[in-house]
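Shown next, in structure tokens, is the structure this report addresses.
The values are calculated or read from the model by the stated rules, or taken from the named source; none is laboratory data. Treat the numbers as computed from the prediction; the structure is a model and nothing was measured. FYI the Cβ positions are ideal-geometry reconstructions off the backbone, even for glycines, and counts take in every protein chain you see. Keep in mind that these areas ignore ligands, DNA and RNA; they rest on the heavy atoms of the full protein, side chains included. Shrake-Rupley method; radii C 1.70, N 1.55, O 1.52, S 1.80 Å.
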Amino acid sequence: MDDELLHSLNEAQRQAVLHFEGPALVVAGAGSGKTRTVVHRVAYLMARRGVFPSEILAVTFTNKAAEEMKERLRRMVKGAGELWVATFHSAALRILRVYGERVGLRPGFVVYDEDDQTALLKEVLKELGLAARPGPIKGLLDRAKNRGEAPESLLLELPDYYAGLSRGRLLDVLKRYEEALKAQGALDFGDILLYALRLLEGDPEVLKRVRKRARFIHVDEYQDTSPVQYRLTKLLAGEEANLMAVGDPDQGIYSFRAADIKNILEFTRDFPGAKVYRLEENYRSTEAILRLANAVIVKNVLRLEKSLRPVKPGGEPVRLYRARDARDEARFVAEEVLRLGPPFDRVAVLYRTNAQSRLLEQALASRGIGARVVGGVGFFERAEVKDLLAYARLALNPLDGVSLKRVLNTPPRGIGPATVERLTRIAQERGLPLYEALKVGVELLPRPEPLRHFLALMEELQDLAFGPAEGFFRHLLLATDYPAYVREAYPEDFEDRLENVEELLRAAKEAEGLMDFLDKVALTAKAEEPGEPEGKVALMTLHNAKGLEFPVVFLVGVEEGLLPHRSSVNTLEGLEEERRLFYVGVTRAQERLYLSYAEEREVYGRTEPTRPSRFLEEVEEGLYQEYDPYRERPLKPVPPAHRPKPGAFRGGEKVVHPRFGPGTVVAASGDEVTVHFEGVGLKRLSLKYADLRPG
């Protein structure tokens, strides 16, 4: 049995599998076979160490991963059906189903999904007579519960008014929401882990029983654990600490989901005497790709020492394309995919922000290449884009009832479901289009002002509908204050959504008129119908690429402002997570890797020159080669980086920062300065990366 379980493993994997009791950390690099290692270790515990399957818990981060692990174990060892393989949430829910009454849960309690949670928040707001939107409040609840804190504890982090509510009124909503959950015998998704933690921390008897069911614990993707998941893991491990944590701090990219990379970095402090195993042999990528990956990630400070070694020697060189602009970049990707030929589903195009997908989708579609957006929706299917397109369709065609219903109260203007129902009834009774029923409603309904304002807006838009498409959308954004709505309605990802709005404006600028623009949108969507026999190119953000691999990878937009993203470069933690994102993108490639950046790109309506990403500048020459197979053209010189040297500031100097604006240096030490920015406050910045300029 030993030979069967161990013969296919390399030496590092074998050592990890043979680990028996006590804590262990498996630092598993990209493509190093960590799932194989965990599966074989569980099988080895059962087959050779006499551990009962009812004593083993394996925690994965997705239900799909849990099912795949169970299936592999069933094929390897008898009794695997009794193993407890689950996500954190499903494991916690199982505990609560047995012992939930001890923390006040009713038998048969229900778990509300996101739609249920939103519906309940709407009921609470209506009950309290408040007109706020539930989205931002739901975001606050999720954020707090992932951190293991009561939602009201986050109020001091918020502005005086959040989601249109004062702190006092927001506190009323939060309290009433929790009361409503309890009254309905329900938990929301974030409650599952919190109630399980409360149960195990407060009931030693239950904790003892659960620990017997989880004598040997495996936690995958440990770098992605949240504060609540960390506390649960440590609690279950107890003094015996038969815990094997598996993960890679170099792939920790989910801080926006409350993941805390310190959980894996400080594992040996939390569990003294822990054994550390490093899986460094990479079975996925060629030597050329891994040389670049290693050279980039070694610049990070917040990491555990590790260097990927290729099993595949040599390989195609990493190629870097320097595009004129974003359109040229998309054209290059499409032409190169066409040159490589089918099957196209072996190709992935990765980018930092969702907005970047629009030109890529269009360039591929125009060449008859199918594309699919992985882990998201196509550019023209995103909510904020569809909202603005619905206004455009309605302005050109007032009979479009579907578009009318979408925008009638978006952004909210006091036209609720009851009003829409009455308007629909008027339209049906009088045989009118819904738009005409609005005009009747102005005369008949008790609160006609919102309808009157909407009709006045549509008259303005109808007048603009036959002019430039970009002008139409800019007026629409101003007249509805749509950006402010996006900020409040989608607090978790409003920056990405506003970038999508800007990308829509760029697309509209290229059209001959609004009708021409809508026709192009319709044709793009039609070109993406399923069923191409050669498969489709995968388009996805770097965050969605985690865990996937492809023979050919294009990583686009490798430039300052995008990768690293402009919102993340002002702290060490933010910058290092951006570098990890780049590393994740590079290590998705098995055989061919293309990088690209643009010499100029539109940012918030202005075309600006760009610089290659610092991640390219940080590595030695020869790790990638410039590639331009389609034309001979003069290249603009790359503007020199403006990086003041240490000692350039002594205090009192006026400076300007690209994000924070004008400020005054108040202290300087070596490579760091502290600057007071007007309206922002004090910021501690690195001279190497902050791009400070004289004020």
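Overview of values
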item: For GLU602, residues with placed amide H under 5 Å, excluding near neighbours; result: ALA326, GLU608
item: Largest-first ordering by accessible area, 1.4 Å probe, given options ASP400, ASP325, ASP250; result: ASP325, ASP400, ASP250
item: Accessible carbon and sulfur surface of the chain relative to its total accessible area, %, 1.4 Å; result: 51 percent
item: Solvent-accessible area of VAL569 with every protein chain in place, 1.4 Å probe, in Å² to the nearest 10; result: 30 Å²
item: The chain - mean residue ellipticity at 222 nm from DSSP helices (-39,500 (n - 2.57) per run, n ≥ 4, rounded to 500); result: -13500 deg cm²/dmol
item: Among GLY557, PHE256, ALA648 - extreme Cα towards positive end, dipole of the chain, charges at beta-carbon; result: PHE256
item: Karplus 3J(HN,Hα) series, Hz, for the range 179-194 with 6.51 cos²θ - 1.76 cosθ + 1.60 (x for Gly, Pro); result: 4, 5, 4, 5, 5, 8, x, 10, 10, 8, 4, x, 5, 4, 5, 5
item: Accessible area (Å², 1.4 Å probe, nearest 10) - LEU18; result: 60 Å²
item: Mean-position separation - Cα centroids, the range 533-575 and the range 235-297, in angstrom; result: 20 Å
item: Pairwise centroid distance, computed over Cα atoms, of the range 309-324 with the range 82-119, Å; result: 47 Å
item: Selection from SER153, GLY129, PHE189, by position along the positive dipole direction of the range 118-213 (Cβ); result: PHE189
item: Virtual spin-label span in nm between GLU459 and GLU621, 7 Å along Cα→Cβ; result: 6.7 nm
item: For the range 17-25, 3J(HN,Hα) per residue [Karplus equation, 6.51 cos²θ - 1.76 cosθ + 1.60, θ = phi - 60°, Hz, x = Gly/Pro]; result: 5, 6, 4, 10, 9, x, x, 8, 10
item: The range 1-96, relative contact order in percent, only Cα pairs under 8 angstrom and at least six apart counted; result: 25 percent
item: DSSP beta bridges in the chain [antiparallel fraction, %, rounded to 5]; result: 35 percent
item: Hz values of 3J(HN,Hα) by residue in the range 55-66 - Karplus curve (6.51, -1.76, 1.60), Gly and Pro given as x; result: 10, 10, 10, 10, 9, 10, 9, 9, 5, 4, 4, 5
item: Nonlocal amide H pairs with GLY695, under 5 Å, H built at 1.01 Å; result: LYS654, VAL655, VAL656
item: Accessible area, probe 1.4 Å, largest first, for residues TYR112, TYR435; result: TYR112, TYR435
item: Out-of-range pairs (alpha-carbon distance over 24 Å; input LYS138/LYS182; LYS78/LYS212; LYS312/LYS536); result: LYS312/LYS536
item: Heavy-atom accessible area per residue - the chain, 1.4 Å, Å²; result: 45 Å²
item: Pairwise centroid distance, computed over Cα atoms, of the range 145-192 with the range 5-73, Å; result: 39 Å
item: In Å², nearest 10: area of HIS19 left accessible to a 1.4 Å probe; result: 20 Å²
item: Interchain or long-range residues, amide H under 5 Å from VAL276's placed H; result: LEU25
item: Orientation-averaged projected area, Cα convex hull of the range 270-316 (nm²); result: 4.1 nm²
item: Mean Cα-pair separation over length for the range 190-269, i.e. relative contact order, pairs under 8 Å, 6 or more apart, %; result: 34 percent
